[in-house]
Amino acid sequence: MTTTRLPRTRSRRRWVALGAALAVAGSLMTASPAEARPWPGHPDRSLVSYIVRPGDTASGLSVRYHAWTREFIKLNGSLLRVGDRVTIPVVVSAARKHRTSKHKTRPKSSKHKTSKPRVKKHRPNVHGRPLAGARWRHANLSRTQIRDLIGRQAKRRGVPVRLAQAIGWQESGWRQPLVSSAGAIGAMQILPSTGTWMSGLAGKRLYIRDTHGNVRAGTLLLRTLLDETRSRRAAVAAYYEGLGGIQDGWYDETKRYVRSVMAIKRQLDRTGRPTG
């Protein structure tokens with residue numbers, strides 16, 4: 001199948017739903033639509049065959065295909081060898097939701113607006129709005145309290161504290177009761193399907209309308225991205241665009257996002273404050 005690479009000027013945003021795309025839009029990576037099949041007894045799963053490549057890991061493939069790591073390991077084991085064929089249990093509903101709402105070629109409602117604040121101003125990318133009627137928990141924490149919460153969770157997961165705090169400032173200005181036009185929620189701007197996915201990695205439910213659960217999900221997501229990319233800048237880019245999205249290069253918008261986050265981090269390193 002021949003694909004046309006489009007100019008990378010608009011963000012496809014995070015967590016490209018490769019599994020769902022296989023079922024509805026053609027082949028991606030080394031799998032093919034014919035290899036996507038139902039998983040008996042698991043109505044919300046689609047089994048996708050994949051040939052292991054150098055650098056692939058169980059968690060990394062689960063990330064890219066919207067699968068739960070524990071289910072992937074149940075089917076394939078945790079040790080992967082290059083050239084082996086593995087079966088990925090894609091969570092169909094989560095993957096489809098991402099494909100339809102966030103990863104169109106020219107998205108009209110991405111998690112972040114396409115017009116972004118100038119990097120040197122280091123302003124939070126706050127474009128969301130409070131969600132009326134939603135059940136928020138610990139939503140009245142101050143910015144300082146959320147900053148410190150991000151720091152504690154980052155330390156717990158071995159994530160660079162200032163990097164996590166910089167992402168939190170860029171995403172929300174360290175505020176919790178915010179929802180983007182695409183449905184990303186809270187201080188770390190986590191999509192519901194990503195929250196479900198991070199819950200699987202954490203081994204317990206992370207309620208993303210709870211500030212604590214939201215920050216746990218965001219720092220776990222960043223930890224996963226750091227492990228997969230082995231690069232802080234690439235991890236930040238993947239937080240914005242997704243692991244699948246950055247494999248073919250970065251959008252201009254993604255580059256601006258990374259520059260902004262790293263500038264905020266430097267400011268935090270110098271003064272402890274996100275702005276000068």
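Values in this text are rule-based calculations from the coordinates and carry no lab data. In this text the structure is predicted, and so the values were computed from the model without any measurement. As a convention, Cβ positions derive from the backbone with ideal geometry for all residues, glycine included, and neighbour counts pool all protein chains shown.
Relative to the Cα centre, the charge distribution of region 122-271, modelled as +1 at Lys and Arg Cβ and -1 at Asp and Glu Cβ, gives a dipole magnitude of about 600 debye.
Look at 222, 206 and count the other Cβ atoms within 10 Å of each Cβ; fewest to most, that gives 206, 222. Note: relative contact order over region 37-93, using C-alpha pairs below 8 Å and six or more positions apart, is 48 percent.
Using Cβ point charges alone (K and R +1, D and E -1), the dipole size of region 194-276 about the Cα centre works out to roughly 420 debye. Here the simple spin-label model places points 7 Å from the Cα toward Cβ, and for residue 57 and residue 82 these points are separated by 1.8 nm.
Taking a ≥ b ≥ c as the square roots of the eigenvalues of the Cα gyration tensor, region 122-271 is rounded, since a/c falls below 1.5. With a Förster radius of 30 Å applied to the C-beta separation of residue 135 and residue 227, the computed FRET efficiency comes to 0.40. If we count other beta carbons within 10 Å of each Cβ, what is the order of 255, 204, 265, fewest first? By the 10 Å Cβ count, ascending, the order reads 204, 255, 265.
In this simple spin-label model, placing a label point 7 Å from the Cα along the Cα-to-Cβ direction at both residue 255 and residue 205 gives a separation of 4.4 nm.
Each of the peptides 146-154, 183-191 was scored by the mean count of other Cβ atoms within 10 Å over its residues; in descending order, highest first, they stand as 183-191, 146-154.
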